[in-house]
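Here is the structure we will look at.
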Amino acid sequence: MRVTVDGNEVDVPAGATVLDAVRAAGRDLPTLCDDDRLAPAGLCRLCLVRVSGRIAPACVTAAADGQDLRTDDPDVTAMARLALELTVERLPASALSLPTELAARCAELGVGADRFAAVGRGLGVDSTHPYVHLDADLCIACGRCVRMCDDVQGAFALTLAGRGAGTVVTPGGGSWAQSACVSCGGCVDTCPTGAITRAGHPPAPAASQVGTTCGYCGVGCALIVHTSSGCIDQITPDRAGPVNRGHACVKGRFAYAFATSGDRLTTPLIRRGERLEPVGWDEALRLVAERLKGVVDRHGPDAVAAICSARATNEENYLMQKLMRAVIGTNNVDNCSRICHAPSAAGLTAAFGLAGGTNPAEDIERADCILVAGANPTEAHPVIGARILQQALSGAGLIVIDPRRTTLAKIANVHLAGAPGSNVAIFNGLARVMLEHGWVDADFLARRAAGLDALREQLAWFTPQRVADVSGVAPDALLAAARLYATAMFPSIIYGLGVTEHTHGTDGVRTLANLAILRGAVGTGRGGGVNPLRGQNNVQGASDMGALPDQLPGYQPVADPRAQARCEQVWGCGLPARPGLRIPDMFDAALDGRLRALWVFGENIAQTDPDSSHVRAALDACEFVVCQEIFLTDTALAADVVLPGASFLEKDGTFVNFDRRFQRVRSALAPPGLARTDFHIIASVALALGADLGCPTPADALDECGRVAPLFAGISHSRLDRDGPLHWPCRSPDDPGQARLHLDSFATPDGRAQLAARPWLPPGELPDSRYPFVLITGRRLAHYNAGTMTRRTPNLLLSPHETLDVHPADARTLGFGEGDRVEVRSRRGALTATARLTTDVSVGQVFLAFHFPEVATNVLTSAAVDEATSCPEYKITAVCLRPC
């Protein structure tokens, strides 16, 4: 439709507001209650416009074809100025000294200090939160912070309280630190007056800005890093970010102090006796090269292995796997996807043909039913968790399959709290109900799927009562979940480590994928699909780049002659064809003398890998260990050489997020001291070994990766800088990438989605009379992985120590209470933690995270692994409890 703005015609889309039309015409209207992340509210009355003769607020007035809009009417401007004067008359004049939207609007409309109160209202301040500061005297009750908290984050932690001029925002009646605030910073971003600011950081003029991608979880939030004088002033979410859309979580938004922590590694270290001593780079590189060469000469290339980093860039992981294969001569290279999402890669490849989620994050808003299995995204992936929460609050059906009563489970239409280890039984039970009731897409199954007859035969065993016997899920709840998912038009499946980290994790992925295939909710343009939430920022990318023992870049088998020939031609050398060691196999090989040298790059395996006593013994058994890190972690302390690397804030490259989206990473800081980017370190080790890896810059490395991996042939730094993020597959420079996979055909050999007939099998470890409880492990909101970064930020004030989540009934039976110390013992080890009594866990189950080394959770976890991929069974450990 066409409207006229101050005499100039402009075209606007259907559904546009008058404010949209004015902005499309290049005009600027003053606003105070407007935020493009929020629905219009029309509260401040600054954006007044004469609309075909009448005066109306532009933000809540619909544009209509033929409208005549005037923004230059003196009467309208005078009314807007009066509205602003009435707004500020109760604020202290000091508000004008802050670089805020309010000060800018006052300058635009000519409202001076004489229209402000001489002093504040005495409404007080709240400085109890480590990241958020409230000065209630500066609040104008515009409601933006409340709407951001409610309509974007879904925390409902803020409200407007008081009457008349005394109405101000308040965190639920108590202090901010005691409120339901999840520290996302949305209120800080949106506040137009300076009433809500970063604690200790009043609003300041914009500094140097660098756009990058968050280095915490696998959501892939776009961030803007503001720096001055070589230090970070603040980090804000990028409103143009396709996944986070101007939102962030407590880690991405605030947890950056680790970058300038006083205990950052700033120089290489080598072991002399029992001590790690600082040396120069030349000495460290020479020692690494000499020791690696010595191992290869004496024991062969397969006596060396490397563990790549899911926190490093694609380009760094590409360079590392190339060094191992082309210089050392071994496929002994792996990454932490082995211990989290290897079953996703195997299961999704078997079902659909590609090792990635099928749909973009944008399809969350298209879903009318979301099935969340084995994931707690409001804690582990908060931005995606908030999007799921908002979609559910907007009316979409929500099914949660999880032993714990998570935030999403509490609002779900159906919560299937199956016993740990019962996923396959539940998924098969849902599939059986769908088939029995005809809640399937028969046309899709006939045209685009294979394996239905074998699946029907397998499902004969999975009656609702048998599923109940295995899982504890009532038959009527199973029926309700099946009906809700299968009768939706656009059902979506989102899952996490609660599906994969089991001895039958690959079966879990396959049987979960069955549901989408039966419903015809994958490989279509309607949305839906099956998406794994990746735990670390680049766990998808590390695997994409070939940091796997059996696959070259782009998931090409190492034994595939065509893939091998392509790599050999580009790399100019022969390559080993036999698959290498997986991470758990590396530890076993070290203990039996087959593996002599281990290079650990950006992973604290001594804390994060299961049965950590076994891991530490393997490190001790190696004759040479190299650790490339940013802090002196437990793994680094066990190394012979420590090479100081760079954080994500200090490097250039790309990450791939959970929905296969390549995004740029850009350096905002220089690495501290003598630390180097990991790309530089890997290239330098290769040179010390007498090899030139041939990629002088990260951009060159990604270009070369595209030449050996057809999946990524169309992706480059220059294109990402020009066009923005791109999904793989992206096979040529003019390929737009595939946000939704398998629209025409699945990437399987026969082009069909493969249904999987899988039995339920018991987990690798079961409780008994001696170890009667089941320990589940996972993450907490304020911390990340081993806590290496977050424990060096004020996040430690939000979550200062680990707690043992235990049901109150179990605590009463064992004789301990809230805050008491409890010994947790498994068949492998013991630890002590502080009890937190909560009904979020079921009777007979307990929960621990692994963020704190003093609560070494992985001393307890078992060495049981997924039979297909060797992914450890973190989610089930038999333990006993004893009050200390």
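Any read-out appearing in this document is the output of simple, stated calculations on the displayed coordinates, not a laboratory observation. What you are looking at is a predicted structure, and each value in this text was computed from that prediction instead of being measured. Because the Cβ atoms are built from the backbone with ideal geometry, glycine has one as well, and the counts that use them run over all protein chains shown.
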Report task. Return one quarter of the surface area of the convex hull spanned by the alpha-carbon atoms of segment 172-231, equal to its mean projected area, in nm². Result -> 5.8 nm²
Query raised in the report: Expressed as a whole number of Å, what is the distance separating the alpha-carbon centroids of segment 739-813 and segment 83-101?
Result: 49 Å
Query raised in the report: Reachable aspartates and glutamates from Lys251, Cα under 14 Å, same-chain residues fewer than 8 places away excluded?
Result: Glu379
Query raised in the report: Which ³J(HN,Hα) values, rounded to whole Hz and listed in residue order, are derived for segment 265-271 from phi using the Karplus coefficients 6.51, -1.76 and 1.60 in 6.51 cos²θ - 1.76 cosθ + 1.60 with θ = phi - 60°, glycine and proline given as x?
Result: 6, 10, 8, x, 10, 10, 7
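Take the alpha carbon atoms of segment 342-533, find their radius of gyration, then divide it by 2.2 N^0.38 Å using N residues; give the quotient. Before the final figure, lay out the partial values.
Values: Rg = 14.8 Å, N = 192, 2.2 N^0.38 = 16.2 Å.
After normalising by residue count via 2.2 N^0.38 Å, the value is 0.91.
For the chain, what is the calculated [θ] at 222 nm in deg cm²/dmol (nearest 500), taking -39500 (n - 2.57) for each run of four or more DSSP H residues and dividing by its residue count? Walk me through the intermediate numbers first.
Working: 30 runs with 257 residues, N = 884.
Rounded to the nearest 500, it is -8000 deg cm²/dmol.
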**Report entry** Amide hydrogen neighbours beyond the local backbone of His783, cut-off 5 Å, H modeled
**Finding:** none
Query raised in the report: Ordered by residue, what ³J(HN,Hα) values in Hz, to whole numbers, does segment 493-504 give under the Karplus form 6.51 cos²θ - 1.76 cosθ + 1.60, where θ = phi - 60° and Gly and Pro are x?
Result: 10, 10, 9, x, 5, x, 9, 8, 7, 9, 5, 10
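At a Förster radius of 41 Å, what calculated FRET efficiency corresponds to the Cβ-Cβ distance of Ile411 and Arg272, to the nearest 0.05? Kindly include the intermediate steps, with their values, before the conclusion.
Numbers: r = 57 Å, r/R0 = 1.40.
That pair, Ile411 with Arg272, gives E of 0.10.
Would you order His341, His801 from fewest to most other beta-carbon atoms within 10 Å of each residue's own beta-carbon?
Values: His341 34, His801 11.
In order of increasing Cβ crowding within 10 Å: His801, His341.
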Report summary line: For the chain, longest principal axis from Cα atoms; helix 561-571 axis from its Cα atoms; angle between them, nearest 10 degrees, is 70 degrees
Report summary line: Honestly segment 34-164 on the Cα gyration tensor test (a ≥ b ≥ c root eigenvalues; a/c under 1.5 rounded, otherwise a/b vs b/c for prolate or oblate) is just oblate
Report task. For segment 520-629, just the Cα atoms, rotate onto the principal axes and tell me the three extents in Å, largest first. Result -> 53, 36, 24
Query raised in the report: Can you give the angle from 0 to 90° between the axis of helix 678-688 and the longest principal axis of the chain, with both taken from C-alpha atoms, to the nearest 10?
Result: 30 degrees
Report summary line: Applied in sequence order to segment 303-315, the curve 6.51 cos²θ - 1.76 cosθ + 1.60 (Karplus, θ = phi - 60°) yields integer Hz couplings, x standing for Gly and Pro, of 8, 10, 9, 9, 10, 7, 10, 6, 9, 8, 6, 4, 5
Report task. Among the lysines, select those whose C-alpha is under 20 Å from the C-alpha of Lys322, and discard any that sit fewer than 8 residues away in the same chain. Result -> Lys293, Lys651
Query raised in the report: Name the GluC sites (Glu not before Pro) in segment 758-847 that are in a loop by DSSP and that have at most 16 other C-beta atoms within 10 Å, would you?
Result: Glu818
Query raised in the report: In degrees, nearest 10, range 0 to 90: what is the angle between the Cα axis of helix 423-436 and the longest Cα principal axis of the chain?
Result: 70 degrees
Query raised in the report: Put a dot 7 Å past each Cα toward the Cβ at Leu160 and Asp734; how far apart are the dots in nm?
Result: 5.4 nm
Query raised in the report: At Thr4 and Ala41, where each label point lies 7 Å from the Cα along Cα→Cβ, what is the point-to-point distance in nanometres?
Result: 3.5 nm
Report summary line: Amide H neighbours of Val600 at under 5 Å, excluding residues fewer than 5 places away on the same chain, with H built from the backbone geometry, are Ile307, Val626, Cys627, Gln628
Report task. Please list, in chain and number order, the residues 5+ apart from Val5 or on another chain whose amide H is under 5 Å from its amide H, with Hs placed from the backbone. Result -> Val10, Leu69
